[in-house]
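S.K.: Please find one structure pasted underneath; my questions will follow.
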There are 2 protein chains.
Amino acid sequence: MSVVSGDFASEIAGRGAMSFISIREVGPRDGLQNEDSVPADAKVRLLDALSATGVQRIEAVSFVHPKAIPQMADADEVWSRATKRPGVRYSALVPNSRGAERALAAGFTEIEVVVSASDTHNRRNVNRSTDESLDDIAALIDLLHRSGATAEVIISTSFGCPFEGDVDPARVAAIVDRVVADGADRVAFGDTTGMGTPRRVEDVVGRVRDRHPDLPLLLHFHNTRGTALANILSALRMGITEYDASVGGLGGCPYAPGATGNVATEEVVHMLHDMGYETGIDLKALLDAARLAQEIAGRELPSGVLRAGPRRPL
Amino acid sequence: MSVVSGDFASEIAGRGAMSFISIREVGPRDGLQNEDSVPADAKVRLLDALSATGVQRIEAVSFVHPKAIPQMADADEVWSRATKRPGVRYSALVPNSRGAERALAAGFTEIEVVVSASDTHNRRNVNRSTDESLDDIAALIDLLHRSGATAEVIISTSFGCPFEGDVDPARVAAIVDRVVADGADRVAFGDTTGMGTPRRVEDVVGRVRDRHPDLPLLLHFHNTRGTALANILSALRMGITEYDASVGGLGGCPYAPGATGNVATEEVVHMLHDMGYETGIDLKALLDAARLAQEIAGRELPSGVLRAGPRRPL
């Protein structure tokens, strides 16, 4: 049987280069940020294991105030000790200019900043309105560009807010308009608490793409309510080729033990490969990294492919 | 904001009656069959709770030899005590003519039989080849029709076999040809060990629908590797309107505690409703039933919507 057949074969043939999907591994940052007491040693081991999987991009650390997120207090040490593998793009997340300066000093040239599409969520996170944060981000983008780095703006709660409920896609699109005008190089939509569904994805992506057809878009899903792979399927069909995922599904247990946060990288890769997409990732090496992540977390991670193994032996 | 917008709005408008999705709740049978020592009382309570959710169809029990599946030894008692709610279609699964006679005697008029698309899987289950089972099924269909009941043939391992690996969609289609020729009223495709992906769904459904455009098809997914809702999304777009699901994700822990078997009914309904589909199901009542299922199982069930709640308060 051919690797790709049926509708997907013609889709992929029509897509050309779009049969390559670029995964950004966020386990070391978004994942470990939610785990307590992980020693720097273990963080370096996980980063190095991930760098060896063939993944194109890794969100390595965040440079935040140690009082705000003590789990990332050792970001400088972790990053300085990690192997920087040629061909892998590493990025860092920063909350403000102090963080940006640390990230630049550490040598990062791809930097992410965050704003929430929901005003309530933004205020709860940083005690500022979305508009105030957007003013800060405009200044941050300038700072980064002057230093030769790129700026990605992550818009969290893009598919819903745990405080406000639905978020109007028009509001998300207006934020995109603003940050694009301010010079953002890329935009990511974060499904912060797993409120995304295929319909929400189509609403947001469709509206933004109509206005910014050439803007690189990345999607970041949580699997809190089981929809993560369905959301990715929906976005694939809209031509989106960049996705965040976290090894083992590491990160975010907002509700209870076993509750899922980030979609597991190996579940994404496993589905994509079976559908004939390429990711550059060796699933076997990724599963090794997922086992390491599970050992580091000290609990069973919510990844079906890690638990049950791939649908066929590798 | 309208309930349905964007691409889905036009899709649903184009579909007409297809915006109604018929869910068959299989928790009482496929779910409880995998739980040990559930008293008949609890089974009746769960059935009655599910009957009150607005779900259209319930797979209530199976009539199998108590030595083969002791969990279903009390099927007659459970069924006789359960409330038969007008408007709900109840079905039973049977392995052979003895089971069919019990099901008919108990008053069922919708009866399911199973065969595996994989010869190895079929032999391991019933010690017969797929072809031998198909001969038995031809006789069973006759028996059921003579008694005024309908016969649905469930083809398990339709999207992959844990022993043989990929299953050729041509083989699945040939089995459909055979059972249709033998008089089957409906066909279901079972993703027995969660090997389905959107591409496999398109391959199997596409091939069968080309040959039998008017044959009612039902899909039964397990969420073992996270793909269940993506598979359903794929099938929705091919016009499939009937799906099995199990309350709470009850059933099938083939690998480890927390491993998922059947896709959780509330995850399916939650996604469908947000996409503008109707199911007739009251999600609040369904979540009550899921909590009852969890209490009966005595363990946390693998349902994100049960754990985290719906994306918006009901």
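Just so you know, all these numbers are worked out from the coordinates, no wet-lab data involved. Bear in mind that the values here come from a model prediction, so they are computed numbers and not experimental data. Counting neighbours? That spans all protein chains shown, and the Cβs are built from the backbone with ideal geometry, glycine included.
S.K.: Which one of A:196, A:160, A:298 has the biggest mean-square fluctuation once chain A is modelled by GNM with Cα springs under 10 Å?
M.R.: A:298
S.K.: Continuing with this model, one more query. What percent does the relative contact order of chain B come to when contacts are Cα pairs within less than 8 Å and at least six residues apart?
M.R.: Working: 603 pairs, mean separation 61.3, N = 314.
It rounds to 20 percent for chain B.
S.K.: Now, a different point. Sequence gap at least 6, Cα distance under 8 Å: using those rules, report the relative contact order of segment A:104-172 to the nearest whole percent.
M.R.: Values: 87 pairs, mean separation 29.4, N = 69.
Computed over segment A:104-172, the figure is 43 percent.
S.K.: Sticking with this one: Fewest Cβ neighbours within 10 Å first, please rank B:265, B:130, A:227 accordingly.
M.R.: Numbers: B:265 36, B:130 22, A:227 33.
Arranged by neighbour count, lowest to highest, B:265, B:130, A:227 become B:130, A:227, B:265.
S.K.: I want to verify a result. In a Gaussian network model of chain B, Cα cutoff 10 Å, which of these has the top mean-square fluctuation: B:98, B:89, B:186?
M.R.: Result for chain B, Cα springs under 10 Å: B:98 fluctuates most.
S.K.: Assuming 1.306 mPa s and 10 °C, estimate D for segment A:24-65 with Stokes-Einstein, Rh taken as the Kirkwood radius over Cα pairs, in µm²/s. Present the calculation step by step, with values, prior to reporting the outcome.
M.R.: Details: Rh = 10.6 Å.
For these conditions, the coefficient is 150 µm²/s.
S.K.: Going from the alpha-carbon gyration tensor of segment B:6-308, what semi-axes, largest first and in whole Å, does one get by taking the root of 5 times each eigenvalue?
M.R.: So the equivalent ellipsoid measures 25, 25, 19 Å along its semi-axes.
S.K.: When a footprinting reagent is the concern and you count Cβ atoms within 10 Å, what order do B:201, B:88 take, fewest first?
M.R.: If I rank by nearby Cβ atoms, fewest first, I get B:88, B:201.
S.K.: Pairs of Cα atoms under 8 Å, at least six residues apart: use those to get the relative contact order of segment A:132-206, whole percent. Numbers along the way, then the final one.
M.R.: Details: 86 pairs, mean separation 30.2, N = 75.
40 percent.
S.K.: Calculate the mean, over all residues of peptide A:232-242, of how many other protein chain Cβ atoms lie within 10 angstrom of the residue's Cβ. Could the numbers behind the result be given before it?
M.R.: Working: counts 2, 9, 6, 0, 2, 5, 1, 0, 0, 0, 0.
Rounded to a whole number, the mean comes out at 2.
S.K.: Over the Cα atoms of the protein assembly as shown, each weighted equally, I'd like the Debye log10 I(q)/I(0) at q = 0.06, 0.09 Å⁻¹, rounded to two decimals.
M.R.: -0.32, -0.71
S.K.: Which order do B:222, A:65 fall in if you start with the one that has the fewest other Cβ atoms within 10 Å?
M.R.: The order, fewest Cβ neighbours first, is A:65, B:222.
S.K.: At R0 = 25 Å, how high is the FRET efficiency between residue B:52 and residue B:20 if r is their beta carbon distance? Nearest 0.05 is fine. Write out the running numbers ahead of the final one.
M.R.: Working: r = 20 Å, r/R0 = 0.78.
The computed FRET efficiency comes out at 0.80.
S.K.: Follow-up question, since we're still on this one. About its Cα centre, how strong a charge dipole does chain B have in debye, to the nearest 20, once Lys and Arg get +1 and Asp and Glu get -1 at the Cβ? Could the numbers behind the result be given before it?
M.R.: Working: 33 positive and 43 negative charges, 88 e Å.
Charge dipole, chain B, about its Cα centre: 420 debye, nearest 20.
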